[in-house]
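Undergrad: First, the structure itself, so that you have it in front of you.
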């Protein structure tokens with residue numbers, strides 16, 4: 001009887017363990033199946049988000065370039081002349097040619113990455129500019145295939161597919177130039193951009209062995225980046241362009257391809273993201289193998305795991321909670337280590353992934369903010385570069401010398417030097433020494449102009465002379481002293497430049513002995529210094545300096561103003577210390 005009871009107990013225990021194993025296996029399989037489906041959907045969703053991101057980036061890039069080409073439409077007089085086809089031997093041709101080339105030069109100054117720009121008049125004669133011009137000046141393109149196709153198209157704008165211009169592969173944005181006074185097409189503008197602009201957009205965050213393809217509205221292949229999936233896959237995609245929306249799958253020769261597609265209404269183009277399914281689901285397949293191994297091992301170790309599961313689970317949960325608390329404190333470098341192979345490990349891996357992703361997103365946001373600041377700085381510093389003025393000023397100077405007007409010739413020479421320094425945008429930073437040379441030249445020019453001379457006293461030590469500061473930081477301060485502080489003073493016009501240093505900061509001060517500023521007016525200027533929208537135009541230069549310094553170094557730095565009515569004014573640049581070795585701040 002005891003043996004029978006013993007056997008019955010063993011059988012019950014075995015059945016119980018088998019039930020636990022089967023139940024655990026079923027739950028695990030269900031969890032894995034759901035996770036697999038969710039991950040698969042997420043991977044496909046990632047493809048959709050990726051192709052949407054590419055489509056938006058390409059559309060925005062082309063829209064920005066097209067907006068630049070649309071600026072030609074504002075030049076009604078030039079467009080009207082394009083329709084006249086002014087002959088080269090006409091007296092009007094030189095002014096007409098200069099006007100067109102100046103328009104091209106303005107666009108090239110804005111888009112320095114443009115490979116070439118051409119403008120064709122109504123007869124097909126071209127004017128070109130840029131580092132890699134597609135045609136020689138004056139060539140007639142009226143019989144070029146792209147020109148005929150575009151002129152026959154009712155659309156005013158088109159994007160031309162990749163083509164060779166000299167040795168470079170480029171794509172082009174073309175726009176017809178309509179004269180709204182004459183209501184007819186008088187010409188065409190075409191902007192060529194390097195292929196690498198498309199490559200840079202399409203290479204971001206891609207999987208291995210994938211490709212990005214662009215198709216125009218006629219379903220022709222416009223551009224292909226990445227691994228070529230083969231002609232049969234491309235033909236199948238082209239066949240489905242007008243019928244499919246969203247993701248779909250193509251199976252050819254035992255190979256499955258996942259395709260996510262997006263249509264750009266602005267470009268009238270299709271963007272397709274093509275990736276082999278085995279690459280897309282590589283992590284899922286690896287997860288399947290791991291899951292099978294865990295299921296087999298779990299069946300054999302079910303009893304042992306039942307005894308130690310409570311302790312292991314508690315340890316895993318504790319580590320996850322510690323990791324969550326660390327993330328809440330802002331420590332995104334935390335890595336939660338869980339020894340168990342269960343849901344807790346999945347949660348820990350998810351938290352690790354989430355923390356890493358948040359860190360990446362924060363870094364990306366910081367980079368975006370940096371680029372925004374750089375763009376703001378460039379907008380403050382950007383100036384039109386009138387190169388033709390140099391030759392004009394030299395001509396005027398030679399005329400003055402011929403007329404024995406040496407003082408005027410000297411003034412023109414110094415003005416030309418100042419203009420060259422002003423339009424030299426090769427660097428954003430200069431040494432204090434170089435900035436003082438520019439200021440000295442400016443004062444010498446003013447002394448030639450005014451009857452009562454300005455006395456410039458520079459008290460700057462050598463270590464400060466080699467400091468790096470933003471370009472054109474001192475000249476507006478000197479100009480303010482000349483035109484606002486000392487202009488009405490007839491004698492003893494003094495301007496003093498000095499510096500005060502600490503271990504961390506340096507103040508470079510420009511003082512004058514002019515009329516000074518009343519306390520009420522001084523408070524008004526200080527209050528509005530950081531408000532460009534309300535600052536008077538006479539102090540816009542000081543406001544620009546203050547804005548630039550804060551963008552470069554931070555809000556704690558900038559321009560400081562002190563003044564006593566009847567005694568003079570002091571303008572100080574409050575800067576962090578910088579060395580010649582670093583070459584940066």
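Undergrad: Quick one: would you say residue 98 is in contact (Cβ under 8 Å) with a residue 40 or more places away in the chain, surrounded by fewer than 16 Cβ atoms within 10 Å (Cβ to Cβ) and either in a helix (DSSP H, G or I) or at negative phi (or both)? Working first, answer last.
TA: Values: in contact (Cβ under 8 Å) with a residue 40 or more places away in the chain: no; surrounded by fewer than 16 Cβ atoms within 10 Å (Cβ to Cβ): yes; either in a helix (DSSP H, G or I) or at negative phi (or both): yes.
For residue 98, the condition - in contact (Cβ under 8 Å) with a residue 40 or more places away in the chain, surrounded by fewer than 16 Cβ atoms within 10 Å (Cβ to Cβ) and either in a helix (DSSP H, G or I) or at negative phi (or both) - is not met.
Undergrad: Same structure, new question: In segment 124-144, which residues are closer than 19 Å to residue 195 by Cα and either surrounded by fewer than 16 Cβ atoms within 10 Å (Cβ to Cβ) or free of Cβ contacts under 8 Å to residues at least 12 places away in the same chain (or both)?
TA: Residues of segment 124-144 closer than 19 Å to residue 195 by Cα: 129-135.
Scanning segment 124-144 gives 131, 132.
Undergrad: Does at least one position in segment 172-181 carry a residue that is in the same structural domain as residue 80 (by TED's automatic domain parsing), over 30 Å from residue 271 (Cβ atoms) and assigned to a helix (DSSP H, G or I)? So that I can check it myself, show each step before the final result.
TA: Here is the first cut: in segment 172-181, the residues in the same structural domain as residue 80 (by TED's automatic domain parsing) are 172-181.
Restricting the remaining residues to those that are over 30 Å from residue 271 (Cβ atoms) gives 179-181.
Those left that are additionally assigned to a helix (DSSP H, G or I): none.
No, segment 172-181 contains no residue that is in the same structural domain as residue 80 (by TED's automatic domain parsing), over 30 Å from residue 271 (Cβ atoms) and assigned to a helix (DSSP H, G or I).
Undergrad: Looking at (1) modelled with pLDDT of 70 or more; (2) farther than 30 Å from residue 195 by Cβ; (3) outside the structural domain of residue 177 (by TED's automatic domain parsing), find the lone condition where residue 60 falls short.
TA: Going through the list (1) modelled with pLDDT of 70 or more; (2) farther than 30 Å from residue 195 by Cβ; (3) outside the structural domain of residue 177 (by TED's automatic domain parsing), residue 60 breaks only (2).
Undergrad: Checking residue 158 against (1) over 18 Å from residue 103 (Cβ atoms); (2) outside any strand (DSSP E or B): exactly one of these is not met. Which one?
TA: Of (1) over 18 Å from residue 103 (Cβ atoms); (2) outside any strand (DSSP E or B), only one is false for residue 158: (2).
Undergrad: Scan segment 111-143 for residues that are touching a strand residue (DSSP E or B) at 6+ places or on another chain (Cβ under 9 Å) and part of a loop (DSSP other than H, G, I, E, B) and report the count. I'd like the intermediate steps shown before the answer.
TA: To start, the set of residues in segment 111-143 that are touching a strand residue (DSSP E or B) at 6+ places or on another chain (Cβ under 9 Å) comprises 111, 113-142.
When the remaining residues are screened for being part of a loop (DSSP other than H, G, I, E, B), the result is 111, 113, 122-124, 130-139, 141-142.
Residues that pass the stated criteria total 17.
Undergrad: Got a sec? Which of 487, 479 is within 35 Å of the chain's Cα centre (by Cα) and over 15 Å from residue 431 (Cβ atoms)? Walk me through it before giving the result.
TA: Numbers: 487 fails: within 35 Å of the chain's Cα centre (by Cα).
When all the criteria are applied, what remains is 479.
Undergrad: Moving on to the next point. Condition check: touching a strand residue (DSSP E or B) at 6+ places or on another chain (Cβ under 8 Å) and in a loop (DSSP other than H, G, I, E, B). Does residue 80 satisfy that? It would help to see each step written out before you state the result.
TA: On the way: touching a strand residue (DSSP E or B) at 6+ places or on another chain (Cβ under 8 Å): yes; in a loop (DSSP other than H, G, I, E, B): no.
Considered against the rule, which asks whether it is touching a strand residue (DSSP E or B) at 6+ places or on another chain (Cβ under 8 Å) and in a loop (DSSP other than H, G, I, E, B), residue 80 comes out as no.
Undergrad: Still on this model: I'd like the full set of residues that are touching a residue at least 24 places away in the same chain (Cβ under 8 Å) and either crowded, with 19+ Cβ neighbours inside 10 Å or in contact with a strand residue (DSSP E or B) (Cβ under 6 Å, 6 or more places away or on another chain) (or both), limited to segment 225-248. I'd like the intermediate steps shown before the answer.
TA: Filtering segment 225-248 down to residues touching a residue at least 24 places away in the same chain (Cβ under 8 Å) leaves 225-226, 229, 233, 237, 241, 246-247.
Matches in segment 225-248: 225, 226, 229, 233, 237, 241, 247.
Undergrad: Here is a list: 115, 121. Which entry is buried (at least 18 other Cβ atoms within 10 Å of the Cβ), within 25 Å of residue 80 (Cα to Cα) and touching a residue at least 12 places away in the same chain (Cβ under 8 Å)?
TA: Working: 115 fails: within 25 Å of residue 80 (Cα to Cα).
Among 115, 121, only 121 is buried (at least 18 other Cβ atoms within 10 Å of the Cβ), within 25 Å of residue 80 (Cα to Cα) and touching a residue at least 12 places away in the same chain (Cβ under 8 Å).
Undergrad: Out of everything in segment 332-350 that is under 32 Å from the mean Cα position of the chain (by Cα) and modelled with pLDDT under 80, what residue ends up being nearest to residue 297 (Cα to Cα)?
TA: Initial filter on segment 332-350 (under 32 Å from the mean Cα position of the chain (by Cα)): 332-334, 350.
Narrowing the set further to residues that are modelled with pLDDT under 80 leaves 332-334.
Numbers: 332: 34, 333: 33, 334: 30 Å.
This residue is 334.
Undergrad: With the requirement that a residue be in contact with a helix residue (DSSP H, G or I) (Cβ under 9 Å, 6 or more places away or on another chain) and under 22 Å from residue 147 (Cα atoms), what does segment 89-103 give you?
TA: 100, 103
Undergrad: Would you be able to say whether some residue in segment 172-190 is touching a residue at least 40 places away in the same chain (Cβ under 8 Å) and over 21 Å from residue 73 (Cα atoms)?
TA: Among the residues of segment 172-190, not one is touching a residue at least 40 places away in the same chain (Cβ under 8 Å) and over 21 Å from residue 73 (Cα atoms), which makes the answer no.
Undergrad: Confirm whether residue 89 is out of contact with any strand residue (DSSP E or B) (no Cβ under 9 Å at 6 or more places or on another chain) and surrounded by fewer than 15 Cβ atoms within 10 Å (Cβ to Cβ).
TA: Values: out of contact with any strand residue (DSSP E or B) (no Cβ under 9 Å at 6 or more places or on another chain): yes; surrounded by fewer than 15 Cβ atoms within 10 Å (Cβ to Cβ): yes.
Judged against the criteria, residue 89 is a match.
Undergrad: Just for segment 207-218: of the residues that are touching a helix residue (DSSP H, G or I) at 6+ places or on another chain (Cβ under 8 Å) and at pLDDT 80 or above, which one is nearest to residue 50 (Cα to Cα)? Before the answer, list the steps.
TA: First pass over segment 207-218, keeping only residues touching a helix residue (DSSP H, G or I) at 6+ places or on another chain (Cβ under 8 Å): 207-210, 212-215.
If we keep only those that are at pLDDT 80 or above as well, we get 212-215.
Values: 212: 10, 213: 13, 214: 14, 215: 17 Å.
Looking at residues that are touching a helix residue (DSSP H, G or I) at 6+ places or on another chain (Cβ under 8 Å) and at pLDDT 80 or above, I get 212.
Undergrad: Can you tell me which of 102, 114 is at pLDDT 90 or above and in the same structural domain as residue 160 (by TED's automatic domain parsing)?
TA: Details: 114 fails: at pLDDT 90 or above.
The match here is 102.
Undergrad: Exactly one of these conditions fails for residue 243: (1) within 30 Å of residue 59 (Cβ to Cβ); (2) at pLDDT 75 or above. Give me its number.
TA: It fails just one condition, (2).
Undergrad: With (1) in contact (Cβ under 8 Å) with a residue 60 or more places away in the chain; (2) surrounded by fewer than 15 Cβ atoms within 10 Å (Cβ to Cβ); (3) in a strand (DSSP E or B) as the list, and residue 214 as the residue in question, which single condition is left unmet?
TA: (2)
Undergrad: Also: Going through segment 322-371 one residue at a time, which ones are under 28 Å from residue 204 (Cβ atoms), touching a helix residue (DSSP H, G or I) at 6+ places or on another chain (Cβ under 7 Å) and surrounded by 14 or more Cβ atoms within 10 Å (Cβ to Cβ)?
TA: 327, 332, 334, 351, 355
The values are calculated or read from the model by the stated rules, or taken from the named source; none is laboratory data. Small disclaimer: the values here were computed from a predicted structure and weren't measured. Please note: Cβ atoms are built from the backbone with ideal geometry, for glycine as well, and neighbour counts cover all protein chains shown.
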